[in-house]
1. Rounded to whole angstrom, how close does the nearest chain C beta-carbon get to the axis mapping C onto B, and which residue is it?
2. Hey, what D do you get for region B:151-232 in µm²/s if you plug the Kirkwood alpha-carbon radius into Stokes-Einstein at 20 °C and 1.002 mPa s?
3. Could you bin all the Cα-Cα distances of region C:97-176 into 5 Å bins starting at 0 and give me the percent of pairs in each, rounded to whole numbers?
4. Of all the Cα-Cα pairs you can form in region D:123-265, what percent are over 19 Å apart?
5. Kirkwood Rh over Cα pairs of the protein assembly as shown into Stokes-Einstein at 4 °C, 1.567 mPa s: D in µm²/s?
6. If I ignore ligands, DNA and RNA and count only protein heavy atoms, how much of C:ILE57 is accessible to a 1.4 Å probe, in Å² to the nearest 10?
7. First select every other residue whose beta carbon is under 14 angstrom from the beta carbon of D:ALA72; then total the charges, Lys and Arg +1, Asp and Glu -1.
8. Determine the calculated [θ] at 222 nm for chain C from helices alone, applying -39500 (n - 2.57) to every DSSP H run no shorter than 4 residues and normalising by the residue count; nearest 500 deg cm²/dmol.
There are 4 protein chains.
Amino acid sequence: SDKPVLFAGPCAVESFDICMEIGSTVKEIAEKHGFSYVFKASFDKANRTSSSSFRSIGMDQSLAVLERVGKALNVPLVTDIHESYQAAEVAAVVDVLQIPAFLCRQTDLLLAAGNTGKAVKIKRGQFMAPEDMQYAVSKVRSTGNQNVCLTERGFSLGYHNLVVDMRGLPIMRQFAPVVFDITHSIQQPGGMGGSSGGQREFAPFLARAAAATGIDGFFIETHPEPAKALSDGPNMIPLAKMDEFIAMLKEAWVLGRKFENFKVN
Amino acid sequence: SDKPVLFAGPCAVESFDICMEIGSTVKEIAEKHGFSYVFKASFDKANRTSSSSFRSIGMDQSLAVLERVGKALNVPLVTDIHESYQAAEVAAVVDVLQIPAFLCRQTDLLLAAGNTGKAVKIKRGQFMAPEDMQYAVSKVRSTGNQNVCLTERGFSLGYHNLVVDMRGLPIMRQFAPVVFDITHSIQQPGGMGGSSGGQREFAPFLARAAAATGIDGFFIETHPEPAKALSDGPNMIPLAKMDEFIAMLKEAWVLGRKFENFKVN
Amino acid sequence: SDKPVLFAGPCAVESFDICMEIGSTVKEIAEKHGFSYVFKASFDKANRTSSSSFRSIGMDQSLAVLERVGKALNVPLVTDIHESYQAAEVAAVVDVLQIPAFLCRQTDLLLAAGNTGKAVKIKRGQFMAPEDMQYAVSKVRSTGNQNVCLTERGFSLGYHNLVVDMRGLPIMRQFAPVVFDITHSIQQPGGMGGSSGGQREFAPFLARAAAATGIDGFFIETHPEPAKALSDGPNMIPLAKMDEFIAMLKEAWVLGRKFENFKVN
Amino acid sequence: SDKPVLFAGPCAVESFDICMEIGSTVKEIAEKHGFSYVFKASFDKANRTSSSSFRSIGMDQSLAVLERVGKALNVPLVTDIHESYQAAEVAAVVDVLQIPAFLCRQTDLLLAAGNTGKAVKIKRGQFMAPEDMQYAVSKVRSTGNQNVCLTERGFSLGYHNLVVDMRGLPIMRQFAPVVFDITHSIQQPGGMGGSSGGQREFAPFLARAAAATGIDGFFIETHPEPAKALSDGPNMIPLAKMDEFIAMLKEAWVLGRKFENFKVN
């Protein structure tokens, strides 16, 4: 595409009001800087480190909020699914089904997502070589659904740490468009003892680096008050910083796309 | 327990005959060397690298075979589940529900398994710090089911490679009994391009090492002709080697248990 | 500085003629694109995987060639030292002493380099956390020599593989200016069995990414015919591609410096 | 050999008295349990994280102490060298020259050690694939000196952490006898900010595991009061625990050697 895609929103569907506050602000920013915007919020945090962490306001209620937000803002929606039975029900509401990183090898989930006919966005597992993501793409495409993209969010570099291997971006782009998930790439899994920490200070550096390689889109979790977000607060971009952040991202993206086909061989 | 547990069988339920051939042989070996035996076979290979690999002879048929094998041999059964809807149906047949490594953080799956009241065996994710497995254990125990064990099967050491961090065994034993999965610890994920390779030659070394730390059981996939197994052939122990292998394992296990409480602090 | 630095040349001092061919070409390119140029060539490949690989045409002869090249081109010179006794002798010829990555914790070598009064360029060890490079810098500065810079060249991601953790660049810039070593970051140590392989195709991607984070310089090995280079051929940039490559690098560097102080906190 | 070798002593030559206290105690323990004993102490800690840490009481004085200890106890000595000029001088005093892990690819150092005719003990680099250690062995053997052994001490598993890959032990034994360095395998490099931490509590587990694979010897740093040791205290075995520790090690070693040639292929 000739415009970068921006998947952004709160981590979880906390409430209609917070979704609207974030979604309307980001929509305006995305338009201003020439991004295609997709509103993101999870209806269920299904794999929190500890079961004492916030999961959801409920699947039905979350999907209802998502639907209202999509209509009110007139933007497409993305959310993740965790088991194959959810695919059809969620696809009735959203435009893009996201496959979580831990689940990127679950054949049934990928097929169920593909069979909905909606776009499928697969996150690279923290344990997957970039080239092996082609098999996840093939599983979805075997349903006849060609609308698949991949997402980078870091590989396990020892315990409680992830590293973004920038070589993985051009490798995965051989198979499908690639989105860079800024928020989860700076996560520290389980690093706070019972919940995951984050390193928000590295977001601008990693985002520019990934953009400069030449990619197709970005995924960002944002919140007016990250410290009060019900999940992923430590690695979110504050909503008040999003305008400047997206402006910067656009410049790096333009540079990346300009040189994406530069070869030294 | 005062006896080590041996979870062993073919990787997948290939047929009743092959299950009986393997199960009856291993049962005898286990008794001879003083192991508690649990027959293992998967009813579905739900996360193969590529969708062109063998998955299953069908869930219903596989469960039926498993049930016949369990009755014919009078041994308990273990098999893995991949989505929460499978828990109750599978628990009607088997004694131990195994949670695959990629899925060890899926709260719903852990709760569904716990709620069956059957024993739950959780494999450590290839991306999980050993100490973080306590949260997976807690999720199961939150259902009131205290019968949980953990399984080591290697951590991502770069791409297409796993390493067994022996420190993880005593760390995880603080939370639950620990089983060492010999077969998958020597897997090379995606290492053959579209399917996983294996390093059978290291099985005896890793098995003795893990046993010598002091653990509770072992998990081994075995087959009369590994090269013809429908999955995991490159890392299986040939059935004809199992007697000698288990004899060796027993000696290492006895040594490990003798010194398990030795402290230098 | 307001100009990026370009350390570039062949891997080893192969001959005066090849050094002049490379050095004169790169000098012109550097000037054209606004880089400060430092000619690089090693007088000894002291840590080849195997002892059957090319090491050197001899230390004395190499230093003599380096000196002639520096004078003929009127450019500063950088080369690496491996033992502390070499520091003074080499410092009589070159302007920047480079400390190899494996040796970045060798106190005597760092002190000997610092004591020459020449600039000291320390490569991050493939085993060093970025923040721990501050101690290497401090060792050099303890001699009173404040002219130190650091170089990123990848961290061990399992066997025979390196990953560039882009977070390391801003972390290390807290301690000293940071150079990105493009050539060795795409090396595959020992990956060809007895010698190191490389992935030249990733050079443009990693180079743009690193530049976009905001750094101070670049290190590139180049050769008119990489396949004939006596070392590091698989990861070199062909000399004929350098003009375009440096032009691209400049754009990415300008972007990186524009946003280097952008913060989301 | 039919006896395991025990390399043990304080980390550094702190004083003649402390060396004698440790050496005489360990010598007796080694004899009691059937180990060949080699007294170990470093004359210089040449690669401390920070230059403010203890390095040495001086090379000459340290070597003089080592010599006195060797004669008084009538035991062979091992110490490490860091630059090639030290090889001959140190070889005049000790029986085994140890090549530090960071330096295991330094050709000149390996050749200088080999040329002394003394035994050469090479530690695996924290960045080296086990099979690549064959080249380090070849470098020493190219001098005509066949008396080489390898030592395992952990591979970089992300930052500030090492993992012992037990597969590496049989891989390296194809090239030379293998010693397991218990003390440094539980080190946490740079993990205490400016100095390295350690995890003494894992020493018995890793030691039993490594021994059970089937190896040739062990390396242990010990001290009557580890908390007062001038380096490596957090990962040392207290001297008062050494008798029990070595007794345990012996049992695991016997088991490992019994099964070292067991094959499943």
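1. Closest Cβ to the C-to-B rotation axis, residue and whole-Å distance: C:GLY158, 1.
2. 161 µm²/s
3. Reading upward from the zero bin: 3, 18, 29, 24, 15, 8, 3, 1.
4. That fraction is 54 percent.
5. Answer from the Stokes-Einstein relation: 43 µm²/s.
6. 50 Å²
7. -1
8. -11000 deg cm²/dmol
The values are calculated or read from the model by the stated rules, or taken from the named source; none is laboratory data. No experiment lies behind these values; they were computed from the predicted model shown. FYI the Cβ positions are ideal-geometry reconstructions off the backbone, even for glycines, and counts take in every protein chain you see. Heads up: the accessible areas ignore ligands, DNA and RNA and are worked out on the full protein's heavy atoms, side chains in. Shrake-Rupley method; radii C 1.70, N 1.55, O 1.52, S 1.80 Å.
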